[in-house]
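*Asks:* Next up is a structure, given as structure tokens.
Bear in mind that the values in this text are calculations on the coordinates, not laboratory data. Here the structure is a predicted model, which is why all the values come from computation and not from measurement. Here the Cβ is made from the backbone with ideal geometry for all residues, glycine too, and neighbour counts use every protein chain on show.
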Amino acid sequence: NAGVTQTPKFRVLKTGQSMTLLCAQDMNHEYMYWYRQDPGMGLRLIHYSVGEGTTAKGEVPDGYNVSRLKKQNFLLGLESAAPSQTSVYFCASRETGLATSDTQYFGPGTRLTVL
Amino acid sequence: AQKVTQAQTEISVVEKEDVTLDCVYETRDTTYYLFWYKQPPSGELVFLIRRNSFDEQNEISGRYSWNFQKSTSSFNFTITASQVVDSAVYFCALRNTGGFKTIFGAGTRLFVKA
């Protein structure tokens, strides 16, 4: 099992450019999440999904869009990047159910810089 | 509203010292989970422990121990005989049972000097 993988690992964008971050998990988890991590602020939830075809807003959704067309993939899009979106982005998936540890597993992160 | 507070921004200790990382949480729900994660300098997030709100037993795993006190809404993490490899950012987190979202504290950066 690869667990949770993220593509790319690093990216530099110019203001106004667009990009998509890909998260993939091979654990058959229903729930998936996108977080951003900024110094001194911990992890803040951008968007999440509770199953294929569903998405919902988290704490800081503005400027981002997501899609969950396949259960194993959760895409995070930036339509017009801004310097305030410079951050480290983490994807996570979570197993659910009484027979599970109900734990979130995180990807390795994507470091995004917007100039 | 849910909230997790890690008041210690940075802690610096010398190897072999014991160190306690504080975590205070707020929630209106009666059942919830508390978590600790470790983020070493390499950047990945490593799950350390999950605690159910109805289980107030302290837990020990090697040099790590956790003290959960519902009366003070605290879930503190102690590292005994710290080592340089313990240097990392540690996050405390909270999620209501059956909830979708996990709320993270701002993290405590631990430096362990040789």
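*Asks:* Take chain A, connect every pair of alpha-carbon atoms lying under 10 Å apart with a spring to form a Gaussian network, then pick out the residue of A:SER67, A:SER84, A:SER93 with the largest mean-square fluctuation.
*Replies:* A:SER84
*Asks:* Please list, by residue number, everything in the range B:60-85 whose backbone N is under 20 Å from a paramagnetic label point 7 Å out along Cα→Cβ of B:THR30.
*Replies:* Only B:69-74 pass the distance filter.
*Asks:* Where is the GNM fluctuation largest for chain B (alpha-carbon springs, 10 angstrom cutoff): B:PHE77, B:PHE54, B:PHE104?
*Replies:* Ranking B:PHE77, B:PHE54, B:PHE104 by mean-square fluctuation puts B:PHE54 first.
*Asks:* List the equivalent ellipsoid semi-axes of the protein assembly as shown in whole Å, largest first, each obtained as the square root of 5λ for an eigenvalue λ of the Cα gyration tensor. Let's see the in-between values first.
*Replies:* Values: eigenvalues 175, 92, 49 Å².
They are 30, 21, 16 Å, listed largest first.
*Asks:* Just need the relative contact order of chain A here, percent rounded to a whole number, with Cα pairs under 8 Å and 6+ apart.
*Replies:* Numbers: 302 pairs, mean separation 39.8, N = 115.
Contact order relative to length: 35 percent.
*Asks:* To continue, here is another question. Take A:GLU52, B:GLU10 and order them by how many other Cβ atoms sit within 10 Å, fewest up front. Kindly include the intermediate steps, with their values, before the conclusion.
*Replies:* Details: A:GLU52 14, B:GLU10 10.
In increasing order of surrounding Cβ atoms, one gets B:GLU10, A:GLU52.
*Asks:* When only alpha-carbon atoms are used, what values of Rg and Dmax, in angstrom, describe the range B:45-104?
*Replies:* Final numbers for Rg and Dmax: 12.7, 37 Å.
*Asks:* Quick one: Debye curve from the alpha-carbon atoms of chain A only, equal weights, vacuum; give me log10 I(q)/I(0) at q = 0.16 Å⁻¹ to two decimals.
*Replies:* Result of the Debye calculation: -0.68.
*Asks:* In the protein assembly as shown, if the dipole is taken from +1 on Lys/Arg beta carbons and -1 on Asp/Glu beta carbons about the Cα centre, which of A:GLN85, B:VAL4, B:TRP36 is farthest to the positive end?
*Replies:* Among A:GLN85, B:VAL4, B:TRP36, the one farthest towards the positive end of the dipole of the protein assembly as shown is A:GLN85.
*Asks:* What FRET efficiency comes out for B:PHE54 versus A:SER80 if R0 is 35 angstrom and r is the Cβ-Cβ distance? Round to the nearest 0.05. Before the final figure, lay out the partial values.
*Replies:* Details: r = 47 Å, r/R0 = 1.33.
That pair, B:PHE54 with A:SER80, gives E of 0.15.
*Asks:* Something else about it: Counting pairs on different chains as well as pairs 8 or more places apart, how many Lys pairs in the protein assembly as shown have Cα atoms under 16 Å apart? Let's see the in-between values first.
*Replies:* Working: A:LYS57/B:LYS101; B:LYS3/B:LYS70; B:LYS3/B:LYS101; B:LYS16/B:LYS113.
Going through the protein assembly as shown pair by pair, I get 4.
*Asks:* Related question: With a 10 Å Cβ neighbour count serving as the proxy for reagent exposure, in which order, fewest first, do A:MET27, A:MET19 appear?
*Replies:* Details: A:MET27 13, A:MET19 16.
If I rank by nearby Cβ atoms, fewest first, I get A:MET27, A:MET19.
*Asks:* What's the longest piece of chain A with no exposed trypsin sites (Lys or Arg not before Pro), counting a site as exposed if DSSP puts it in a loop and it has at most 13 other beta carbons within 10 Å? Intermediate results must be reported in sequence, preceding the final value.
*Replies:* Details: sites that count: A:LYS9, A:LYS14, A:LYS70.
With a cap of 13 other Cβ atoms within 10 Å, the longest stretch comes to A:15-69.
*Asks:* Which whole-angstrom value gives the distance between the alpha carbon centres of the range A:35-63 and the range B:30-88?
*Replies:* A separation of 23 Å, based on Cα centres.
*Asks:* Then there's this: Take chain A, connect every pair of alpha-carbon atoms lying under 10 Å apart with a spring to form a Gaussian network, then pick out the residue of A:GLU30, A:GLU59, A:GLU95 with the largest mean-square fluctuation.
*Replies:* A:GLU59
*Asks:* Magnitude of the Cβ-charge dipole of the range A:42-106, K/R +1 and D/E -1, about the Cα centre, nearest 20 debye?
*Replies:* Charge dipole of the range A:42-106: 120 debye, to the nearest 20.
*Asks:* Give the relative contact order (percent, whole number) for chain B; include only Cα pairs under 8 Å separated by 6+ residues.
*Replies:* 38
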